[in-house]
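First comes the structure, then the notes that go with it.
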Amino acid sequence: MRIEQLGTGEPAVAVVGAIHGDEPCGVTAIDRLLASDPPIERPVKLIVANERALAAEQRYCEEDLNRTFPGDPDGSTHESRLAAELTAELDGCTTLALHSTQSYEEPFAIVEQAGGRSEELARRLPVDAIVETGPFDDGRLFQSVETLVEVEAGYQGSTVAADNATRIVREFLRATGVLADQPPLEPHEKDVYRLDDVVPKREAEKYEVCVSNFERVEAGDAFAAADGERVVADEPFYPVLLSAYGYEDVFGYTAKKRDSSA
Ligand SMILES: [Zn+2]
């Protein structure tokens, strides 16, 4: 784990990249911020979390770090111990964690619960939509950090994701009073989606997803396939983080749109 800091004193704001080693956008954003050496109003901690997985260009070494929190200092895996270290580092910090996906090009924010400080911060970020995990937060960084916005910045490894992450870090730091080079963005109305269920995938050689994330799927629509066998929606839903190969045993999630019947 690499820990950097801008400004002096004990930071109450943090930015974390590379929770997943195959998502380099957050590291690029952190390195660009450090290189620009901006004037700082209050200190901020900048953390590159899973350096070992990053070097291997893999999501994780032994288990998915973002399913491992709060972790265990004496845990049996690299990620379990790392989760405990990161939990300690982020104690009391309002935190932005940067991710990227195999499912969607535009940036969107993820918060544990709508309606609080995390959602207010998310509304001040240049993101398309806000996703609320609700109960689907098992082992995620939300277990360890009270005020946390996760952002999915775009496709893994893309320059678009790196550029989005760079802009999002700057806006997050303006919204938290770390940077005063420009006023923070006003909070914007955004569509809010609440995760409703996981979409399991059976063992197969080849997976396909044939719908777009955040675009409503109707009951009876085929939205994915495993070895050519269609997966059909029982009821309408909005796909979130749905991809053929993003996760090992699920396609992703179904969501309901807030203030909507589906
Ligand atoms: Zn990730």
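The values are calculated or read from the model by the stated rules, or taken from the named source; none is laboratory data. As the structure is a computational prediction, the values presented were derived from the model and not from experiment. For neighbour counting, all protein chains shown are included, and Cβ atoms are generated from backbone atoms with ideal geometry for every residue, glycine included. What goes into the accessible areas is simple: the full protein's heavy atoms, side chains included, and nothing from ligands, DNA or RNA. Shrake-Rupley method; radii C 1.70, N 1.55, O 1.52, S 1.80 Å.
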query: Stretched out fully, how many nm does the piece from LEU34 to ALA222 gain, at 0.36 nm a residue minus the Cα gap?
result: 63.1 nm
query: In percent, what relative contact order does the chain have, based on Cα pairs under 8 Å that are 6 or more apart in sequence?
result: 18 percent
- request: Give me the distance between the Cα centres of the stretch 119-167 and the stretch 191-262, rounded to whole Å.
  value: 20 Å
message: Test of understanding: what is the full-extension gain from GLU215 to CYS61, defined as 0.36 nm times their sequence separation minus their Cα-Cα distance?
response: 52.1 nm
- line: Heavy-atom accessible area per residue of the chain, all protein chains kept, 1.4 Å probe, expressed in Å², is 44 Å²
field: Point-to-point label distance, GLN182-GLU106, nm (Cα→Cβ direction, 7 Å offset)
entry: 1.9 nm
- request: If a/c stays under 1.5 just call it rounded; otherwise compare a/b with b/c (prolate if a/b is bigger, oblate if not). Do that for the stretch 196-257, with a ≥ b ≥ c from the square roots of the Cα gyration tensor eigenvalues.
  value: prolate
task: Let me know the number of lysine pairs in the chain closer than 27 Å at the Cα, not counting same-chain pairs under 8 apart.
output: 4
- prompt: Along the Cα-to-Cβ line of ARG52, 7 Å from the Cα, sits a label point; which residues in the stretch 66-88 have backbone N less than 12 Å from it?
  reply: 75-83
field: Dipole magnitude (debye, nearest 20) for the stretch 2-175, charges at Cβ of Lys, Arg, Asp, Glu
entry: 520 debye
message: Loop by DSSP (not H, G, I, E, B), at most 13 other beta-carbon atoms within 10 Å: where is the longest site-free stretch of the chain for GluC sites (Glu not before Pro)?
response: 58-188
query: Among the helices of the chain (complete DSSP H runs), which have Cα atoms covering no less than 30 Å along the helix axis and a Kyte-Doolittle mean of at least -1.0?
result: none
message: Just to be sure I understand the model, the point goes 7 Å from the Cα along the line to the Cβ. What's the resulting VAL250 to VAL160 distance in nm?
response: 2.5 nm
- request: Please work out how much length the chain gains when fully extended from GLU4 to GLU41, using 0.36 nm per residue of separation minus the C-alpha to C-alpha distance, in nm with one decimal.
  value: 11.7 nm
query: Restricting attention to the stretch 89-127, which trypsin sites (Lys or Arg not before Pro) occupy a DSSP loop and are surrounded by at most 14 other Cβ atoms within 10 Å?
result: none
task: Of the options SER76, ILE30, PRO184, report the single residue whose Cα projects farthest towards the positive end of the charge dipole of the chain (beta-carbon charges: Lys, Arg +1; Asp, Glu -1).
output: PRO184
